[in-house]
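Input: a single structure, listed below in structure tokens.
Values quoted throughout were computed directly from the atomic coordinates according to the rules given, and no laboratory measurement underlies them. Just so we're clear, the structure is a prediction, and the values are computed from it rather than from any experiment. So basically every Cβ, Gly included, is an ideal-geometry build from the backbone, and we count neighbours across all protein chains shown.
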Amino acid sequence: MDNLRGAALMILAMFGFAVEDMMVKVISVEMPTGQIIFLLGGGGAIVFGILCRLQGQPLFERKMLSRPIFLRSLAELIGTLGY
């Protein structure tokens, strides 16, 4: 049953990405790319924060300050700015 649940969640995630991609293309006619990226990031952060609160998880942990996570975040920032 876990495989079926996993497959269903993957299909749902792919659907979500397809909808997001469609919305970005529609919105990009009216809105600059930087603003779209900002809104997607902000919206994702809000959803993530709400999910953390609902599950009783901390939003930040000391592990987030480790070198590998810092380097990954830096790489994502560079990738976003280079986009």
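Worth a mention:
- Computed from backbone phi, the HN-Hα couplings of the range 70-79 come to 4, 5, 5, 4, 5, 5, 5, 5, 5, x Hz, rounded to whole numbers (Karplus: 6.51 cos²θ - 1.76 cosθ + 1.60, θ = phi - 60°; Gly and Pro given as x).
- Charge dipole of the chain about the Cα centre (unit charges at C-beta), most positive-ward option of Tyr83, Ser66, Val47: Ser66
- Magnitude of the charge dipole, the chain, Cβ model with Lys/Arg +1 and Asp/Glu -1, debye to 20: 360 debye
- Entry for mean projected area of the Cα convex hull in nm² (calculated from the structure that is shown) out of (1) 9.5; (2) 4.8; (3) 7.5: (3)
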